[in-house]
1. Within 12 Å, Cβ to Cβ, of Leu41, how many net charges do the neighbouring residues add up to if Lys/Arg are +1 and Asp/Glu are -1?
2. Just to verify a number: what accessible area does Met363 come out at with the full protein assembly present, 1.4 Å probe, Å² rounded to tens?
3. Between region 253-328 and region 60-77, what is the separation of their alpha carbon centroids in Å?
4. Under the rule a/c < 1.5 gives rounded, and otherwise a/b versus b/c splits prolate from oblate, where does the chain land using the Cα gyration tensor?
5. List the trypsin sites (Lys or Arg not before Pro) within region 231-328 that DSSP assigns to loop and that have no more than 12 neighbouring Cβ atoms inside 10 Å.
6. For the chain, what is the charge dipole size about the Cα centre, in debye to the nearest 20, if Lys and Arg each add +1 at the Cβ and Asp and Glu each add -1 at the Cβ?
7. Cross-link candidates for Lys13: which aspartates and glutamates have Cα within less than 12 Å, leaving aside residues fewer than 8 places away along the same chain?
8. Considering only protein heavy atoms and a probe of 1.4 Å, how much of the accessible area of region 129-360 is carbon and sulfur, as a whole percent?
Amino acid sequence: MRKACIHTLGCPKNEADSDSFAACLAAAGWLITDDPGSADLLLLNTCAFISPAVDESLEAMEQAVEWKASGTGRRIVLAGCLPGRFADDGSGGLEDFDLIIGPADTRGLLSYLGPSAGASRPILENRHFRYLKVSEGCSNNCSYCTIPLIRGPRRDRTAEEILLDADTLAVQGAAEIGLVGQDTGAWSSGEGGVSRLLEVLSGRYPGTWFRLYYVHPSHMLPDFLDLVRNHRNIMPYIDMPIQHFSDRILSRMGRGYTGRDLERMFSEFDRFETPLAVRTTVIAGYPGETETDFQMLEDFLARHSCIRTVAAFPYWPEEGTREFERKDPGETVQDGTVQSRLSRIGDVADLHYLQWGDLLEEMELDVMADSPGLGHTVFDAPEVDGACSLDRYVAPGTVVRCRIIGSLGPDLIAEVV
Ligand code: SF4
């Protein structure tokens, strides 16, 4: 049987696309393998939203070409954000790629694979945590972001499509399902939005954990805390990229909310009756960011105990974005300042890990096993956040009650009780 291997770069949203690509390949009779050495086809699902991601994708392309040259009859499909962002300029170098398709272009893949390929449902995978896409693209048009250029405006999937995929994932044994999209909270195809969708999913699969990713602060679910309170399998966790706190910078970024909005939301998270973990990302060194702006961001991050993980990225000027077009060199933050601000955010992040470590010590928590000796708690997304080491073997996907006995940075140490 012909075998295909998928290599995914980037974030969980790309993982969800890769699931769909895998479904197309399986429907066309290909066996999916993790081993490129035994594969006849390699699908490279790239990322390209900022320059470092572009570089990583280009490197993976070079490796793919080497892989093709080292065997006979091998094929490569180049997919995802890199071809979505940059059109082939005809200067060569892409001859080794048998098919080039944009992000989530399952139709393009299906038509290449031929008439035997009929479906693009998520398929057999033995990974116990999976991602379920609620929408494609983004309509927020933040000043610095290439995603709307690459993936287009937001298109919501219908509730029926999402539930059908959830059924498939559940049948395949998904123990945890993460809802993803560029702007998950904005999903509005069904009555009651994402809240209702989560409620339905939670009731339909009571044994499955549901986790919410990529919630834009302007589209926060108004009743999220009630959902967490009333549904044990909706994780007390929210992934909410805030990017900044200073109104001046937020407005320049075109984010559509103010520091006051963030303050209100995060204070509510802090006060929730049980711990609620927030994962967030911020940009340091945005054009025009003064020490005062940055200090406001730093203070905000430091004063909210709900923050379990904060990741900081430097600003990257990306061609095609509004911020790039402004091009005012006088507003560029010097590299040394950016690095020092990134490191200051790193210090705040470490402090939060310490505080969370203290908070969770001696607590009994549900932990889902991921691999021998390792798992993740309800407060951490698998593969994205910290891991939890377990004192005995537990089959992947199984949830066990554990006592937390220590921590090291983002990681926790637990014993099964
Ligand atoms: S919300 Fe803003 S940063 Fe996020 S994908 Fe959409 S445009 Fe980009």
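1. On the way: positive: Arg2, Lys3, Lys68, Arg74, Arg75; negative: Asp40, Asp98.
Net charge in that neighbourhood comes out at +3.
2. Per-residue accessible area (Met363): approximately 60 Å².
3. 41 Å
4. Details: a/c = 1.61, a/b = 1.15, b/c = 1.40.
Oblate, because a/c is 1.5 or more while a/b does not exceed b/c.
5. Working: sites: Arg232, Arg248, Arg252, Arg255, Arg260, Arg264, Arg271, Arg279, Arg303, Arg308, Arg322, Arg326, Lys327; in loops: Arg232, Arg255, Lys327.
Of the trypsin sites (Lys or Arg not before Pro), the ones in loops of region 231-328 whose Cβ has at most 12 other Cβ atoms within 10 Å are Lys327.
6. The calculated dipole for the chain is roughly 960 debye.
7. Correct list for Lys13: Glu136, Asp183.
8. Working: 4890 of 9410 Å².
Here it works out to 52 percent.
The values are calculated or read from the model by the stated rules, or taken from the named source; none is laboratory data. Since this is a predicted model, take the numbers as computed values, not measurements. Glycine also receives a Cβ, built like all others from the backbone with ideal geometry; neighbour counts cover every protein chain displayed. Protein only, heavy atoms only, side chains kept; ligands, DNA and RNA dropped before computing areas. Shrake-Rupley method; radii C 1.70, N 1.55, O 1.52, S 1.80 Å.
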